[in-house]
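Following: one structure in structure tokens, then a few remarks.
The values are calculated or read from the model by the stated rules, or taken from the named source; none is laboratory data. Here the structure is a predicted model, which is why all the values come from computation and not from measurement. Here the Cβ positions follow ideal geometry from the backbone for every residue, glycine too, while neighbour counts run over all protein chains shown. Protein only, heavy atoms only, side chains kept; ligands, DNA and RNA dropped before computing areas. Shrake-Rupley method; radii C 1.70, N 1.55, O 1.52, S 1.80 Å.
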Amino acid sequence: MTPGVRPLIAGNWKMHGTVAEAAALAGAVRDGAVGGLPADLLVCPTFLHVAGVAALLAGSPVAVGAQDCHAAAKGAHTGDVAAPMLRDAGATHVILGHSERRADHGETDATVRAKAEAAAAAGLTPIVCVGETEAERLAGRAEAVVEAQLAGSLPDGFAGVVAPAGGAGIIAYEPVWAIGTGRTPTEADIAAIHGTIRARLAARFGAAGQGMRILYGGSMKPGNARAILALPNVDGGLVGGASLVAADFLAIARAAG
Ligand code: 13P
């Protein structure tokens, strides 16, 4: 954790859930948050479910985000969704540059940067994902890869996003090889790379970079969350599989206290 920074536990629901399942999961998270938790909560359903989940969570402490947006505010882009549409539907955040988008859709750092600019212009808080592959880690290049992704993916305005949710953009460190595998880096490795990210943010954005939230993602579960969330410069989690089970997601949020 970073002193003075309230943790954020974000659920990336990926391509899961019917309308009814998304509503049930959101409702269970909302009900579990009653009475307060030591972290802010965010759920990120598919585009299809953003408006419905946002309506269900209106007035609750659980925020809603999307998993991607287009870099243009509108236009002839069949199948895409623009940041202002997401804001209109009730989203306050958007995940950008997830490794699954980078791999499945060829997104580059430049694409992610343009999307982050569009998100900020629409009043959405971008959550920009970075992380090395296993081959890159084994080659001793994890820190260099992450530093290059940060340099290329973050727009200059990242420190002062005009978001109603407030504050600056968010970084998620997600080692590709830890996603959905049940494997995680050692605590020392997580602390080291989060420290590097903090140093890059502080060098580029000054005091604002000191307070930006840096989330860890990759096989975060109730059983490992407390140890990971206690590490320096780990300001929350971006949770995939465990966010699909409300009890597990809420247990992770409680572990942030
Ligand atoms: P898992 O928690 O399923 O490993 O997924 C992490 C992730 O990709 C979150 O964006």
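Residue by residue, segment 77-87 carries 3J(HN,Hα) couplings of 9, 4, x, 9, 10, 8, 4, x, 5, 5, 4 Hz when phi is fed to the Karplus relation 6.51 cos²θ - 1.76 cosθ + 1.60 (θ = phi - 60°); x denotes Gly or Pro. Each Lys and Arg Cβ is given +1 and each Asp and Glu Cβ -1; about its Cα centre, the chain then shows a dipole of about 380 debye. The heavy atoms of E134 offer some 70 square angstrom of accessible surface to a 1.4 angstrom probe. Note on the chain: with neighbouring protein chains present and a 1.4 Å probe, carbon and sulfur make up 58 percent of its accessible heavy-atom surface. By its C-alpha gyration tensor, with a ≥ b ≥ c as the square roots of the eigenvalues, how is the chain shaped: rounded for a/c under 1.5, else prolate for a/b larger than b/c, else oblate? Since a/c stays below 1.5, the shape of the chain is classed as rounded. Most tightly packed first, judged by the mean number of other beta-carbon atoms within 10 Å of their residues, the peptides 148-155, 65-72, 7-14 read 7-14, 65-72, 148-155.
Choose one of A28, S243, W177: the residue whose Cα lies farthest towards the positive end of the charge dipole of the chain (beta-carbon charges +1 Lys, Arg; -1 Asp, Glu; about the Cα centre). Toward the positive end, the furthest listed residue is A28. What the chain shows is 40 Å² of accessible area per residue, with the surface traced by a 1.4 Å probe over protein heavy atoms. Computed 3J(HN,Hα) for segment 63-72, one whole-Hz value per residue from the Karplus formula 6.51 cos²θ - 1.76 cosθ + 1.60 where θ = phi - 60°, is 8, 10, x, 9, 9, 5, 8, 7, 7, 9, glycine and proline marked x.
Segment 1-60 and segment 222-257 have Cα centres spaced 13 Å apart. Ordered from largest to smallest accessible area (heavy atoms of protein chains, 1.4 Å probe), the residues F47, F249, F205 come out as F47, F205, F249. Dividing the helix sum by the residues of the chain, where each DSSP H run of 4 or more adds -39500 (n - 2.57), gives a mean residue ellipticity at 222 nm of -12500 deg cm²/dmol.
Contact order normalised by length for segment 1-113, with contacts defined as Cα pairs under 8 Å and 6 or more residues apart; what percent is it?
Details: 158 pairs, mean separation 25.3, N = 113.
With pairs under 8 Å counted, the relative contact order is 22 percent.
Note on A121 and A28: their simple-model spin labels are 4.0 nm apart, each label 7 Å out from Cα toward Cβ. For a quick check: with amide H placed at 1.01 Å from N, whose amide H comes under 5 Å from V239's, ignoring anything fewer than 5 positions away on the same chain? The answer is A10, G11, N12. Taken about its Cα centre, segment 1-114 carries a charge dipole of about 200 debye when Lys and Arg each add +1 at the Cβ and Asp and Glu each add -1 at the Cβ.
Taken along the Cα-to-beta-carbon direction at a fixed 7 Å, the label points for T46 and D104 span 0.9 nm.
Once you sort the root eigenvalues of the Cα gyration tensor of segment 131-257 as a ≥ b ≥ c, which label holds: rounded (a/c under 1.5), prolate (a/b larger than b/c) or oblate (the other case)? Since a/c reaches 1.5 but b/c is at least a/b, the shape of segment 131-257 is classed as oblate. Taking amide hydrogens as placed 1.01 Å from N in the peptide plane, the amide H of A172 sits under 5 Å from those of V128, C129, V130, L215, each at least 5 positions away in sequence or on another chain. Strictly greater than 18 Å: what percent of every Cα pair in segment 1-59 meets that? That tail contains 36 percent of the Cα-Cα pairs.
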